[in-house]
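Here the structure comes first, spelled out in structure tokens, and everything after it is commentary.
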Amino acid sequence: MLHLSTQEVVLSIEKSPLLVKQGIVYQEYQDFFGKEFKFPTLENKIFVKLELQEEKPRVRLDYNDELMKKIKVFFMNSNITRALGKKFNTELKFMSADLWIDNTGYKVPPHTDDNRIKLALQIYLSDQNKGTSLYDKEGNIEYTFPFKFNYGYALYNSDNSYHGVEEVENDGRRSLYVRYS
């Protein structure tokens with residue numbers, strides 16, 4: 001069963017400073033869901049290939065799965081959306097959420113998100129893998145988020161928000177990815 005606390009998440013958003021590096025605006029989180037957070041097993045869950053990335057070693061939890069439905073409802077919560085909007089000084093609306101598993105060989109070159117996405121939030125659900133990197137406009141790594149369970153970031157989408165993932169070396173890189181417009 002999934003037990004998430006909106007209060008813990010709002011506190012994580014409120015206490016994490018807004019950071020700016022090379023024009024990239026973001027927050028970094030530790031213990032995003034609180035120190036006692038445990039994520040349910042993904043055994044016997046149905047995963048499907050990610051749209052527009054069918055050839056890559058990435059899958060997402062099926063949108064019809066009850067766990068995925070609960071995750072979406074959780075991140076639609078107005079308290080979470082307002083806390084993120086206040087921190088990033090913008091109006092936000094929930095768009096979508098995915099639970100991804102990336103396997104060996106997965107990588108994404110530096111890019112900015114689709115302009116319909118105003119803010120992306122990624123929370124890691126496993127350990128010991130490649131974290132998302134922030135890049136300058138020339139493709140040089142500026143910073144890589146530590147890939148640790150219950151850690152993550154929120155990234156404001158702009159012309160400067162280049163991010164990507166260097167090649168994953170271990171199967172099972174799990175994360176939640178939430179989009180706001």
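The values are calculated or read from the model by the stated rules, or taken from the named source; none is laboratory data. Worth saying up front: this structure is predicted, and the values here are computed from it rather than measured. Methodologically, a virtual Cβ is constructed for each residue, glycine included, from the backbone with ideal geometry; neighbour enumeration extends over all protein chains shown. Accessible surface areas use protein heavy atoms only, side chains included; no ligands, DNA or RNA. Shrake-Rupley method; radii C 1.70, N 1.55, O 1.52, S 1.80 Å.
Quick check on packing: order 100-109, 126-135, 35-44, 17-26 by the mean number of other C-beta atoms within 10 Å, highest mean leading.
Result, highest mean Cβ count within 10 Å first: 126-135, 100-109, 17-26, 35-44.
Quick one: which residues, 5+ away or cross-chain, put their amide H under 5 Å from the amide H of ASN150? H built at 1.01 Å from N.
Distant-sequence amide H within range of ASN150: TYR124, LEU125, SER126.
Suppose only helical runs count, i.e. DSSP H with n ≥ 4. What mean residue ellipticity at 222 nm does that imply for the chain under -39500 (n - 2.57) per run, divided by all residues and rounded to the nearest 500 deg cm²/dmol? Intermediate results must be reported in sequence, preceding the final value.
Numbers: 3 runs with 32 residues, N = 181.
The helix-only estimate for the chain comes to -5500 deg cm²/dmol at 222 nm.
Hey, can you find the accessible area per residue of region 40-156 for me, probe 1.4 Å, expressed in square angstrom?
That works out to 51 Å² for each residue.
Please give the charge dipole size of region 52-118, origin at the Cα centre, charges +1 on K and R Cβ atoms and -1 on D and E Cβ atoms. Round to the nearest 20 debye. Present the calculation step by step, with values, prior to reporting the outcome.
Details: 13 positive and 10 negative charges, 87 e Å.
The dipole magnitude comes to about 420 debye.
For region 134-181 and region 35-64, what is the separation of their Cα centres, given in Å?
Between the Cα centre of region 134-181 and that of region 35-64, the gap is 18 Å.
Hey, got the dipole for the chain? About the Cα centre, +1 on K and R Cβ, -1 on D and E Cβ, debye to the nearest 20? Show your work: numbers first, answer last.
Details: 25 positive and 26 negative charges, 120 e Å.
Dipole size: approximately 580 debye.
For region 1-87, how many pairs of lysine residues have a Cα-Cα distance under 19 Å, where the two are 8 or more positions apart or belong to different chains?
Lysine pair count for region 1-87: 12.
For region 118-179, which GluC sites (Glu not before Pro) pass both filters: DSSP loop (anything but H, G, I, E, B) and at most 11 other C-beta atoms within 10 Å?
Counting only loop positions with at most 11 other Cβ atoms within 10 Å, the GluC sites (Glu not before Pro) in region 118-179 are GLU138, GLU167.
Return the long-range amide H neighbours of MET95 (sequence gap of 5 or more, or a different chain), with a cut-off of under 5 Å between placed amide H atoms.
Here the answer is ARG179, TYR180, SER181, since their amide H atoms fall under 5 Å of that of MET95.
What size of dipole, in debye to the nearest 20, comes out for region 86-152 about its Cα centre when the only charges are +1 on Lys and Arg C-beta atoms and -1 on Asp and Glu C-beta atoms? Don't jump to the answer; show the numbers that get you there.
Details: 9 positive and 9 negative charges, 48 e Å.
Dipole of region 86-152, to the nearest 20 debye: 240 debye.
Rounded, prolate or oblate: which one fits the chain, using the alpha carbon gyration tensor with axes a ≥ b ≥ c (rounded when a/c is under 1.5, else prolate when a/b beats b/c, else oblate)?
In terms of gyration-tensor shape, rounded.
Step through the residues of region 160-167 one at a time and calculate ³J(HN,Hα) from phi using the Karplus curve (6.51 cos²θ - 1.76 cosθ + 1.60, θ = phi - 60°), rounding each to whole Hz and writing x for Gly and Pro.
Running phi through 6.51 cos²θ - 1.76 cosθ + 1.60 with θ = phi - 60° gives 9, 7, 5, 8, x, 10, 5, 4 Hz.
Label GLU8 and GLU51 with points 7 Å out from Cα along Cα→Cβ: what is the distance between them in nm?
Roughly 3.1 nm, to one decimal.
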